[in-house]
Every structure is written in C-alpha cells, then in structure tokens.
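Participant: Have a look at this one.
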Amino acid sequence: MNEQRVGVLLPTFNRPDLLRACVLQLAAQSRPPDLICVHQNGHPDSYVWSVTDLRIAPRIDWIHTPGELPQHQWYAIPLRHLLQQGCTHFFWTDHDDLYLTTHIEAGLAELREHDFSVARHCALLFTKASDWRYNKDVAFTSHAPGGMSSTMCFNRAFATELLDDLVKDSQHHYSDNVVAHVTMPKFRCLVSDTRRTTVYHSHEGSVTSKGWLEAAFR
C-alpha cells in the first residue's frame with residue numbers, strides 16, 4: 001500500500017446536530033480524509049439524513065447498529081470497516097469535539113516517524129445551559145493514553161493490532177484503556193507536546209472527569 005489513504009472512525013450516539021458539525025469540520029481540513037466511517041448505535045432510528053445532503057470530498061460510509069453496544073464495539077466496528085476499505089492512516093474522532101483545520105495534516109506529520117500519536121495538549125470548551133467557558137491550552141490528563149483520546153491517530157499496523165485487542169479484551173472497561181495498556185506498549189508511540197489542533201467539548205451528556213474539569217478553570 002504505497003498510496004496514503006486516510007480514514008476517520010466516528011462513533012455517534014443520539015446527537016445528529018453534533019455529528020453533522022463534526023463531519024463538516026473534517027471536510028474543511030487542510031488535508032481532508034479520504035473516508036469517514038460514521039457508526040451510530042443505541043437507537044432504532046437512523047439519522048443518516050443529517051449528512052446525506054452534504055456534497056463534500058470525503059466519502060461517508062454510514063453504519064447503523066440499532067441496539068446499544070459495549071463501548072469497545074463503538075470503535076471496533078468502524079475500525080474494521082476502514083481496514084477493509086484499504087485505509088493506511090486512521091484518526092480516532094469524537095462527534096462532540098472541535099477540530100482545527102490542520103488537525104489531520106499535523107497528525108500525519110507525526111506518523112512519519114511513529115506508529116501512533118496522541119496530543120497531550122488541547123483547548124477546552126465547557127458549555128452548559130447559558131454558561132460557557134474556554135481555556136485555550138490545557139494539559140489533558142483524563143484519558144489513559146497520556147493525552148486526549150479523540151486526538152489519537154495511527155498507522156495500519158497499529159490499527160490492525162488495536163482491532164484484535166479490542167475484540168479480545170474483557171478486562172478494560174473503556175476503549176482508550178485498551179489503547180494505552182494493551183496496544184501502545186507494542187509500538188513506537190508519541191505523546192505529542194506540540195500538536196494543538198483540537199478543542200475538547202465538555203457539555204451535557206459528555207463524560208469528563210469532574211475534578212480535572214474544575215482544575216482546568218482555576
């Protein structure tokens with residue numbers, strides 16, 4: 001596989017509004033992905049309508065699982081699809097975060113020398129009802145891989161091993177724990193101090209360490 005083919009795995013649950021915004025952010029990248037695999041689970045009604053009208057360069061493949069799945073499968077299902085589609089580089093994306101236009105370009109640059117990269121620093125946007133706060137530079141300490149999990153990117157060898165690790169795992173509750181404790185030790189991994197291309201969005205319904213969030217705004 002000499003030709004670079006970038007795939008994005010994008011799980012979504014009950015938020016067509018956030019999902020549409022995220023897809024548009026990915027299409028506006030300085031280096032757009034070749035394929036976005038959206039995986040909706042947990043509700044019998046599909047909201048593929050939220051992106052079907054978009055005329056964008058990246059191809060969107062939609063996978064709908066009506067029932068609610070274990071968290072590992074949110075990511076394993078689209079990751080398997082992207083591997084089957086011949087992707088060489090993979091970006092782990094959350095539908096509720098914000099991605100600056102250089103996000104994919106910067107991640108690919110780090111993957112020239114590494115199998116995996118995660119950004120230690122990001123901006124933080126907190127929204128709740130009529131309250132919002134913003135911190136432009138925080139060290140993210142709430143996810144196991146050493147940075148913000150939705151900044152993770154990796155090559156095909158890492159993706160293949162990660163899929164196998166996710167399918168086999170029965171010990172770690174969250175997928176990013178599998179990444180950190182099972183897959184990362186096998187590869188050349190970078191916890192990047194220079195890449196700042198993501199805004200973590202903490203909002204109603206997001207899962208965030210309460211103590212970490214409060215400390216970020218002191």
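The values are calculated or read from the model by the stated rules, or taken from the named source; none is laboratory data. Just so it is clear, the model here is predicted, and its values are computed rather than measured. Glycine gets a Cβ as well: all are built from the backbone with ideal geometry, and neighbour counts include every protein chain shown. When the accessible area is computed, the model is the full protein with side chains, heavy atoms only, and any ligands, DNA or RNA have been set aside. Shrake-Rupley method; radii C 1.70, N 1.55, O 1.52, S 1.80 Å.
Participant: Between residues in region 3-32 that are acidic (Asp, Glu) and residues that are crowded, with 17+ Cβ neighbours inside 10 Å and not in a helix (DSSP H, G or I), which pairs lie under 9 Å by C-beta distance while being six or more apart or on different chains?
Facilitator: Hits for this filter: GLU3/THR88.
Participant: I've got another one for you. Tell me, yes or no, whether region 27-38 has at least one residue that is acidic (Asp, Glu) and touching a Cys at 6+ places or on another chain (Cβ under 8 Å).
Facilitator: Yes: one or more hits.
Participant: Now, a different point. Looking at region 144-159 only, could you name the residues that are closer than 19 Å to CYS122 by Cα and in contact (Cβ under 8 Å) with a residue 60 or more places away in the chain?
Facilitator: Scanning region 144-159 gives MET152, CYS153, PHE154.
Participant: A follow-up question, please. Quick one: count up the residues across region 90-137 that are modelled with pLDDT under 95 and in contact with a Cys (Cβ under 6 Å, 6 or more places away or on another chain).
Facilitator: Qualifying residue count for the region: 1.
Participant: Right, here's the next one. May I ask you to say which residue of ALA144, ALA157 is closer than 19 Å to TYR75 by Cα, crowded, with 17+ Cβ neighbours inside 10 Å and of a type outside the set (Phe, Trp, Tyr)?
Facilitator: Just a single option satisfies the conditions, and that option is ALA144.
Let's see how each residue does on (1) within 22 Å of GLN85 (Cβ to Cβ); (2) surrounded by fewer than 20 Cβ atoms within 10 Å (Cβ to Cβ):
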residue	(1), (2)
PRO16	no, yes
LEU24	yes, yes
ILE36	yes, no
GLN40	yes, no
SER46	yes, yes
ARG59	yes, yes
TRP62	yes, yes
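Participant: Being assigned to a strand (DSSP E or B) and either β-branched (Val, Ile, Thr) or without any contact (Cβ under 8 Å) to a residue 40 or more places away in the chain (or both) is the filter here; which residues of region 106-133 pass it?
Facilitator: Result: VAL118, THR127, ASP131, TRP132.
Participant: Further question: Suppose we keep only residues that are open to solvent by 70 Å² or more (accessible area, probe 1.4 Å) and hydrophobic (A, V, I, L, M, F, W, C) within region 112-141. Which one would you say is farthest from the chain's Cα centre (by Cα)?
Facilitator: Among residues in region 112-141 that are open to solvent by 70 Å² or more (accessible area, probe 1.4 Å) and hydrophobic (A, V, I, L, M, F, W, C), the one farthest from the chain's Cα centre (by Cα) is ALA129.
Participant: Which residues, taken from region 160-178, are without any contact (Cβ under 8 Å) to a residue 40 or more places away in the chain and either among the acidic types (Asp, Glu) or buried (at least 17 other Cβ atoms within 10 Å of the Cβ) (or both)?
Facilitator: Of everything in region 160-178, those that are without any contact (Cβ under 8 Å) to a residue 40 or more places away in the chain and either among the acidic types (Asp, Glu) or buried (at least 17 other Cβ atoms within 10 Å of the Cβ) (or both) turn out to be GLU161, ASP164, ASP165, HIS172, ASP176, ASN177.
Participant: Moving on. Restricted to region 181-208, and to residues that are of a type outside the set (Val, Ile, Thr), without any contact (Cβ under 8 Å) to a residue 60 or more places away in the chain and out of contact with any helix residue (DSSP H, G or I) (no Cβ under 9 Å at 6 or more places or on another chain), which residue is most open to solvent (accessible area, probe 1.4 Å)?
Facilitator: For region 181-208, the residue satisfying everything is HIS181.
Participant: Among the numbered criteria (1) closer than 27 Å to HIS114 by Cα; (2) exposed (fewer than 14 other Cβ atoms within 10 Å of the Cβ), which one does PRO70 miss?
Facilitator: For PRO70, the exception is condition (1).
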